[in-house]
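Structure, as structure tokens:
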Amino acid sequence: MHPPAAPPAGDPGGPLIRRGDPGYPAAREGAVWNVRTPRRFPDAIVRAATEADVAHAVRYARDRGLRVAIRSGGHNWSGTPLRDGGLLIDLSALRTCTLGAGAPPTADVGPAATGADLVAALTPAHLAFPVGHCPTVAVGGFLLSGGLGWNSRAWGASCADVVGIRAVTADGRTVTCTETEHPDLFWAARGAGPGFCAVAIGFRLALHPHPGAILTTALTFPLAEVASVADWAERTARGLPPYVETALVLLPAGAGPTPAGPRITVSATAFAATGEQAGQALEPFTRCPLGPRAGTVQPPGPTSFAALHRGAEALWPPGHRYAADTLWSAADHATLLTRAAGAVARAPSPASLVLSPVQPVSPDPVLLRNMAFAPLGASYLVGYAVWDLPADDGLQTRWLRGLMADADPDGTGRRYIAEADLEAGADRARRAYPPAHWDRLQEIKAEWDPENRFHSYLAP
């Protein structure tokens, strides 16, 4: 049973910036983190300062027949918040992070709070959460998409720790959603991504004890060794405790602080109870049989979530143009990365890369229950094109799509909605979900947003 519709709204619930106003260009460009701003233009942008402002803005749009797009942190590579026409509601001021007073530990966070914000708030309290790998990613889009975060191989998809949300529905009402209260909307909020049929204005998160020790190590090899390195890394990683996160990164020539030829890096991070336990877990990397072929070796050493964030930011620095796409594949990592290696070696930008974590999310059914998100393959890959010049947009997009075609030659791969190139094909969003999950998302959308007030997934 839905609550009755909210009364009409005479104001938009915050400063309204219309297309043509002096502040519009900056507000539109500021709605996306990517410097490659899509050429899509909302009629107006409203900046919500409070949760109540969001409800006002949705009612304002409803009463005027406007479609609505949502911006939390603006980190979506495709610029999903920017749509032609209608109203864009900017949630960037909703950035609170408040720790609960009781047990078990929880935090109430706003959709614009970033991974770095959570780390700064939780670490002094000896608590942790599987935050996104990039520190500037806001939790809104990250959690709605499922969330492949730090230590998700042990803790599960980040949305598994979402125990409640507050949302503004298409009729302008604010509702609380849990497993028992509006459970269908709660299920959709844990994986629907940019197709979520309401505005998520707050999340209640279950928290974890902070690991007693975090150690990390890395080995780098020439890209010509991709097959043997990927095969060894995958076999090794799958035999390690779930609190060890292993990732392979393919880099073109000239990338990194010390320019070098095309290469593959294997990194492993242990989030353990003690330093001894973490060190033991990483021993297979210190005894790597391929070690003599490595160009560089970083021995296991202590780190922190904040330091891991700084390292990730070096791969995805602000102020550049980006395009990205994802692939869940039935192939093993050696096959998958060998397919991708040729395109990486030919990358037109030295800043581009391919990231392929081994088992990026826990397969434990308990940690995958009651959510729209689902892992859809034995291996996973994300390709990133990173460049600077607008004149290269076409070249870089073609390179990325060529890379993904090489990695998925028969076109049977699946997607992860958070970073998928949704404009590359009409079926991209659908292929990010099991068929039954996709059908259920459409049913929930039809029930909660029958007039299609909220924009759904981008398409070509």
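Coordinate-derived values only; no laboratory data. Note that the structure is a prediction, hence the values are computed from the model and not measured. Here Cβ is always computed from backbone atoms with ideal geometry, including for glycine, and neighbour counts include all displayed protein chains.
Under 10 Å from the Cβ of residue 384, count the other residues' Cβ atoms, weight Lys and Arg +1, Asp and Glu -1, and hand me the total.
Working: positive: none; negative: 325, 419.
Local net charge: -2.
Taking neighbour counts of Cβ atoms within 10 Å as a proxy for exposure, in what order, fewest first, do 219, 337 appear?
219, 337
At most 10 other Cβ atoms within 10 Å plus a DSSP loop assignment makes a site exposed; report the longest stretch of the chain without any exposed trypsin sites (Lys or Arg not before Pro).
Answer from the scan: 40-286.
With the dipole of region 298-427 worked out from charges on the C-beta (+1 for Lys and Arg, -1 for Asp and Glu) around the Cα centre, which of 340, 357, 405 lies farthest toward the positive end?
Of the listed residues, the answer is 357.
Under the definition of Cα pairs under 8 Å and six or more residues apart, what whole-number percent is the relative contact order of region 16-90?
41 percent
What's the local net charge at residue 221, with K and R +1, D and E -1, over the other residues with C-beta under 9 Å away?
+1
Give me the extension gain from residue 273 to residue 412: residue separation times 0.36 nm, minus the current Cα-Cα distance, reported in nm with one decimal.
Net length gain for the segment: 46.0 nm.
If we count every other residue with Cβ under 13 angstrom of residue 21's Cβ, Lys/Arg +1 and Asp/Glu -1, where does the sum land?
Net local charge, residue 21 excluded: +3.
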